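The values are calculated or read from the model by the stated rules, or taken from the named source; none is laboratory data. Treat the numbers as computed from the prediction; the structure is a model and nothing was measured. When we count neighbours, we look across all protein chains shown, and the Cβ atoms used for this are built from the backbone with ideal geometry, even at glycine. Note: accessible area is taken over every heavy atom of the protein model, side chains too, but ligands, DNA and RNA are not part of it. Shrake-Rupley method; radii C 1.70, N 1.55, O 1.52, S 1.80 Å.
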Amino acid sequence: MKSRLPFRPLVLTALLAACAAPLFAGEASRVEKVPFGRADGKQVDLYVLRDASGMTAKVMTYGATLVELDTPDRNGTLDDVVLGFPTLAGYLQKEPYFGATVGRVANRIGHARFTLDGKVYHLAANDGRNTLHGGIHGFDKVVWDAQDVTGSGPEPSVRFTYLSKDGEEHFPGNCRVIVTFTIAGGDSLRIDYSVTTDKDTPVNVTNHSYFNLGGPEKGNILGHVVTIDAARYTVVNSELIPTGELRPVRGTPMDFTSPNRVGARIRQITGNPVGYDHNYVVDGFPGKLRPVATVYDPESGRVMDVSSTEPGVQFYTGNFLDGSLVGKKGVRYGQYWGLALETQHFPDAMNQSNFISDVLKAGQLYRSTTVYKFTTRPAGR
């Protein structure tokens, strides 16, 4: 359980270098900062984290957003495995939170309201009658401060900070948010979150990357094989708001306790559009880093193991993608082009008395960690 940011020639050259081919094997780990544009009248920077093993993560200060993540396939060929855009302009349009840090409260809040300490808080309804991912101007739409905190160690690391002021998006309390991205062990992206507040307030912060382990230019993720370490999920209504029921997955299309292709039973899932967009109750004890899910792409051989301290994970299969967004390499992101595994507290937790509370008390500390570890398997395994 949680305890609770006009190019000159030299600058352009630096930007192109940062976006070039990944690091050669044997080159030292490092972090580079390059300009990436402007948003809300502020400079947006792109931080490039490179490890000697070749793994590269690019995170920008707008939305503390993971823009790119390069990992090798079974033949050692590096490719970007997250959806997104080649320039900042793509993220300034209406887009579905590609790679963003979302909050103050990730996922949905039913009827855009909650009651805390006897007071009713009315939020912006930006998803039908409900609030989604912090509201109209959530953490994904602000410029964060950032600092290279690699220090003398071998693991490149950047810390992003943001002060969410009392009343922002109608939430109470001044919340100081810290999100740290680290390439750990040469094969993992670790994201650490911490939040403090001066008033009681709901807090649920996560990353909203869409993964395609084959590389988005290769097609959809229906052939990816997924395992989710969860025997139960939170049942939702037609607006994807939890009913409060925790239902066993066994014997249903929701069951990923053993490996299954994403597309094997997806047409059996009700909803409009059809697809997975459900919170799973992760097995084990919240607050302890433990397995959450495994994703395997048989074509590339890439494997992604997700572990987290969070009690839940939202499994989303890109149901609302419709081909209208053109991303990196000129790829049109069609339906099911990426999958998200958003480690989190349960959706609408402040309105569900039987869910683990997501209220952070004044003066207490919220901590959360999620790790995405990448390996490969030989063909036929």
(message) Here is a list: ARG377, ARG302. Which entry is of a type in the set (Lys, Arg), more than 24 Å from ARG176 (Cα to Cα) and surrounded by fewer than 24 Cβ atoms within 10 Å (Cβ to Cβ)?
(response) ARG377
(request) Determine, yes or no, whether ASP45 is modelled with pLDDT of 95 or more, part of a strand (DSSP E or B), more than 22 Å from VAL177 (Cα to Cα) and open to solvent by 10 Å² or more (accessible area, probe 1.4 Å). (result) no
(message) Quick check on this structure: which one of GLY118, GLY151, GLY110, GLY138 is within 18 Å of the chain's Cα centre (by Cα) and either closer than 19 Å to GLY63 by Cα or surrounded by fewer than 23 Cβ atoms within 10 Å (Cβ to Cβ) (or both)?
(response) GLY138
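Anything in segment 228-250 that is part of a loop (DSSP other than H, G, I, E, B), open to solvent by 80 Å² or more (accessible area, probe 1.4 Å) and not hydroxyl-bearing (Ser, Thr, Tyr)? List them, or say none.
To start, the set of residues in segment 228-250 that are part of a loop (DSSP other than H, G, I, E, B) comprises 229-231, 237-241, 249-250.
Narrowing further to those that are open to solvent by 80 Å² or more (accessible area, probe 1.4 Å): 238, 250.
Answer for segment 228-250, where residues must be part of a loop (DSSP other than H, G, I, E, B), open to solvent by 80 Å² or more (accessible area, probe 1.4 Å) and not hydroxyl-bearing (Ser, Thr, Tyr): just ARG250.
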(request) Name every residue in segment 67-81 that is open to solvent by less than 70 Å² (accessible area, probe 1.4 Å), in a loop (DSSP other than H, G, I, E, B) and not hydrophobic (A, V, I, L, M, F, W, C), in order of residue number. (result) ASP73, ARG74, GLY76
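Rundown of residues vs (1) touching a Pro at 6+ places or on another chain (Cβ under 7 Å); (2) of a type in the set (Val, Ile, Thr), yes/no style:
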| site | (1), (2) |
| --- | --- |
| ARG290 | no, no |
| VAL306 | no, yes |
| PHE320 | yes, no |
| ASP348 | yes, no |
| SER353 | no, no |
(message) Just to be sure I understand, how many residues within segment 290-299 are under 17 Å from the mean Cα position of the chain (by Cα) and either small (Gly, Ala, Ser) or open to solvent by 20 Å² or more (accessible area, probe 1.4 Å) (or both)?
(response) 3
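Being within 29 Å of ARG104 (Cα to Cα) and open to solvent by 40 Å² or more (accessible area, probe 1.4 Å) is the requirement here; does GLU217 meet it?
Values: within 29 Å of ARG104 (Cα to Cα): no; open to solvent by 40 Å² or more (accessible area, probe 1.4 Å): yes.
No; evaluated as a whole, the condition is false for this residue.
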(message) Which count do you get for residues in segment 92-106 that are in contact with a strand residue (DSSP E or B) (Cβ under 8 Å, 6 or more places away or on another chain) and under 22 Å from ILE221 (Cα atoms)?
(response) 3
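Could you count how many residues in segment 162-193 are open to solvent by 20 Å² or more (accessible area, probe 1.4 Å) and hydroxyl-bearing (Ser, Thr, Tyr)?
Taking segment 162-193 and keeping what is open to solvent by 20 Å² or more (accessible area, probe 1.4 Å), we get 162-163, 165-170, 174, 176, 178, 180, 185, 187, 190, 192.
Now restrict to residues that are hydroxyl-bearing (Ser, Thr, Tyr): 162, 180.
Residues in segment 162-193 being open to solvent by 20 Å² or more (accessible area, probe 1.4 Å) and hydroxyl-bearing (Ser, Thr, Tyr): 2 in total.
May I ask you to say which residue of ALA89, ALA52 is among the small types (Gly, Ala, Ser) and either open to solvent by 50 Å² or more (accessible area, probe 1.4 Å) or touching a helix residue (DSSP H, G or I) at 6+ places or on another chain (Cβ under 8 Å) (or both)?
Details: ALA52 fails: either open to solvent by 50 Å² or more (accessible area, probe 1.4 Å) or touching a helix residue (DSSP H, G or I) at 6+ places or on another chain (Cβ under 8 Å) (or both).
Going through ALA89, ALA52 in turn, just one is among the small types (Gly, Ala, Ser) and either open to solvent by 50 Å² or more (accessible area, probe 1.4 Å) or touching a helix residue (DSSP H, G or I) at 6+ places or on another chain (Cβ under 8 Å) (or both): ALA89.
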(request) With respect to GLY84, determine if the residue is buried (at least 24 other Cβ atoms within 10 Å of the Cβ) and either touching a helix residue (DSSP H, G or I) at 6+ places or on another chain (Cβ under 7 Å) or at pLDDT below 95 (or both). (result) yes
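Is there a residue being open to solvent by less than 10 Å² (accessible area, probe 1.4 Å) and either basic (Lys, Arg) or in contact with an Asp or Glu (Cβ under 8 Å, 6 or more places away or on another chain) (or both) anywhere in segment 318-329? Outline the logic, then answer.
Of all residues in segment 318-329, those open to solvent by less than 10 Å² (accessible area, probe 1.4 Å) come to 318-319, 327.
When the remaining residues are screened for being either basic (Lys, Arg) or in contact with an Asp or Glu (Cβ under 8 Å, 6 or more places away or on another chain) (or both), the result is 319.
Yes, segment 318-329 contains at least one residue that is open to solvent by less than 10 Å² (accessible area, probe 1.4 Å) and either basic (Lys, Arg) or in contact with an Asp or Glu (Cβ under 8 Å, 6 or more places away or on another chain) (or both).
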